[in-house]
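Remarks on the structure that follows.
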C-alpha cells in the first residue's frame, strides 16, 4: 500500500527542508568578498592578500574565502545597490569618498560587537587615529581601513642624485621649484625629454593635487561645517596659482598635464619621463618593481608659513562586514585575521603597505631601515602628523574633478584663478546638493 498524499507531501517537505539546511550550512562556510584586488594577480597587494587568505583557510578547515574582484570606482555604488536588493557579499571594501553613504544606509555590521570588544585595550588604543574615527560612532566600529593611502611626492632617487638635489632640503616651495627646474632635461634641440614635476589635471581618474596641501595647511579642511567647498578665497587662489605656474611660468610641468589622468603619471614616471610627481604611497611598491627598489623615494609636501610640512590627503579602503549577511561571525573573524598580527606584517613586507597598527612598523626596524623601505616610515609620519581625511558626515565625491577642471581653465583658457575657483565651488556644491 502506497504512502498517502499527506505523508508524501510531508516527507517531501522534510527532504527539501534538510536540503535547504545543508545548502545553508555549505554557504555559511563560503565567504564572498568584494574588493578591487585580485588574489590571483601579481601586484604586491594582491600577493599579500592571497597569502593572508591561504593562511586563514588553513587555520579554518572547511571555510572558503571567495574573492570577487570589482572595478574600483564602481565597487561601492554596486555594494549599496546589492545591499538594497538583499544580495550583497559578506565582506566589502568601501571607497573613502563614499564611506559616509554606506554608513548612513546601515549596511555594515558592528565589529565591536563581533570581534573588537575581545581585543586588548592597548590594541584598540593604538589604532585610534583618523581612519578609526571615520569608522566608529561611539562604541560601535563598522570598518577597519586597509590599503592605507597617503599622497605626497614620489621621486626618482637616481635622477635627484645626478642633479645634485638632496630631497631633505626641499622643505619650502621655492626650493622645490628650483629642484624641479634642475630635474627638467632638454635635448640639443631644446625639446624636454624629462619633466621635473609631473601633475595631472584630467577629470578622469583624478587624484588630489598639490594645491590641496596648501589649502589644508592654512584652513585645516577643504570644506565648511556643512560640507560646502571652501576654495574660492585668497588661500585657494594662491594654491591654484602655485600649481598652474609649474606649467605656465616655471616650465617644469608639461601642458599635457591637462589631459593626463593619475594612471598616466605612473606610466610617465616608470618610463623615466618625469622626475617627481604627486603620487600615492600604496603604489610605490609597484613603481619599485618597474624602475628598481632603490630608485624610488617618497617625501611629504613642502611646508609654508614656517611649517616643516604641509598636510596631505589620506585615503584608503574601509573594509566591513555586510549587516544583512548570514555569515557575519565568520566574516568578522576573517576581517580580524586580515587586520592583525602576522597579516599586518604581510601587508607591509609583501604588499608594501602601511600597517593597521603602528606597533607593527615599530617591530620591523631592520626592514624599514633598508633604503627601499624608507617610504613606509615617511608615510607613517605623514599619517600621524600631516594627514587629512574627509569627514563621513557628508559625501565629497567630485571635489578632485572640480579642482582639476579649475586648473584646466587657468592653463588652457587663461581664466582668472578666482573665477575658475568660483566655478569649481558652484559645480561641487550643486553636484552634492549643498
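The values are calculated or read from the model by the stated rules, or taken from the named source; none is laboratory data. Model, not experiment: these values are computed from the prediction. Here the Cβ is made from the backbone with ideal geometry for all residues, glycine too, and neighbour counts use every protein chain on show.
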- Message: Being in contact with a helix residue (DSSP H, G or I) (Cβ under 7 Å, 6 or more places away or on another chain) and more than 16 Å from residue 288 (Cα to Cα) is the filter here; which residues of the stretch 363-378 pass it?
- Response: 364, 377
- Task: Working carefully through the options 169, 157, 184, find the one that is under 28 Å from residue 286 (Cβ atoms) and surrounded by fewer than 17 Cβ atoms within 10 Å (Cβ to Cβ).
- Result: 169
- When residues of the stretch 254-282 are filtered for being without any contact (Cβ under 8 Å) to a residue 60 or more places away in the chain and in contact with a strand residue (DSSP E or B) (Cβ under 8 Å, 6 or more places away or on another chain), how many remain? 1
- Query: Would you say residue 192 is in contact with a strand residue (DSSP E or B) (Cβ under 6 Å, 6 or more places away or on another chain), over 21 Å from residue 167 (Cβ atoms) and surrounded by 13 or more Cβ atoms within 10 Å (Cβ to Cβ)?
  - Reply: yes
- Is at least one residue of the stretch 306-314 more than 26 Å from residue 217 (Cα to Cα) and touching a residue at least 40 places away in the same chain (Cβ under 8 Å)? no
- Residues of the stretch 132-162 that turn out to be touching a strand residue (DSSP E or B) at 6+ places or on another chain (Cβ under 8 Å) and not in a strand (DSSP E or B), as a count: 8
- Message: within 25 Å of residue 372 (Cα to Cα), in contact with a helix residue (DSSP H, G or I) (Cβ under 6 Å, 6 or more places away or on another chain) and not assigned by TED's automatic domain parsing to the domain that holds residue 361: which single residue out of 163, 180, 239, 206 fits that description?
- Response: 163
- Query: Does residue 318 satisfy the condition of being under 17 Å from the mean Cα position of the chain (by Cα) and on the phi < 0 side of the Ramachandran plot?
  - Reply: yes
- Taking residue 410, is it under 22 Å from residue 238 (Cα atoms), more than 23 Å from the chain's Cα centre (by Cα) and part of a loop (DSSP other than H, G, I, E, B)? no
- Message: Looking at the stretch 277-286, can you tell me whether even one residue there is surrounded by fewer than 19 Cβ atoms within 10 Å (Cβ to Cβ) and either out of contact with any helix residue (DSSP H, G or I) (no Cβ under 9 Å at 6 or more places or on another chain) or assigned by TED's automatic domain parsing to the domain that holds residue 178 (or both)?
- Response: yes
- Of the candidates 423, 407, 419, the one satisfying the condition of being buried (at least 19 other Cβ atoms within 10 Å of the Cβ), at pLDDT 95 or above and under 17 Å from residue 211 (Cα atoms) is 407
- Message: Could you check the stretch 195-210 and list, in sequence order, the residues that are under 14 Å from residue 247 (Cα atoms) and either assigned to a helix (DSSP H, G or I) or modelled with pLDDT of 95 or more (or both)?
- Response: 195, 196, 197, 198, 199, 200, 201
- So is residue 201 surrounded by fewer than 22 Cβ atoms within 10 Å (Cβ to Cβ) and closer than 17 Å to residue 403 by Cβ or not? no
- Does residue 215 fit the bill of being in the same structural domain as residue 191 (by TED's automatic domain parsing), in a helix (DSSP H, G or I), free of Cβ contacts under 8 Å to residues at least 60 places away in the same chain and under 22 Å from residue 389 (Cα atoms)? yes
- Item | Test for residue 390: is it assigned to a loop (DSSP other than H, G, I, E, B) and more than 27 Å from residue 202 (Cα to Cα) | no
- Query: When the residues of the stretch 389-404 are filtered to those that are in contact with a helix residue (DSSP H, G or I) (Cβ under 8 Å, 6 or more places away or on another chain) and at pLDDT 95 or above, which remaining residue is nearest to residue 105 (Cα to Cα)?
  - Reply: 402
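Conditions (1) surrounded by 23 or more Cβ atoms within 10 Å (Cβ to Cβ); (2) in contact with a strand residue (DSSP E or B) (Cβ under 6 Å, 6 or more places away or on another chain); (3) at pLDDT below 95, marked per residue:
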{"position": "318", "(1), (2), (3)": "yes, yes, no"}
{"position": "331", "(1), (2), (3)": "yes, yes, no"}
{"position": "339", "(1), (2), (3)": "no, yes, no"}
{"position": "347", "(1), (2), (3)": "yes, no, no"}
{"position": "363", "(1), (2), (3)": "no, no, yes"}
{"position": "371", "(1), (2), (3)": "no, no, yes"}
{"position": "378", "(1), (2), (3)": "no, yes, no"}
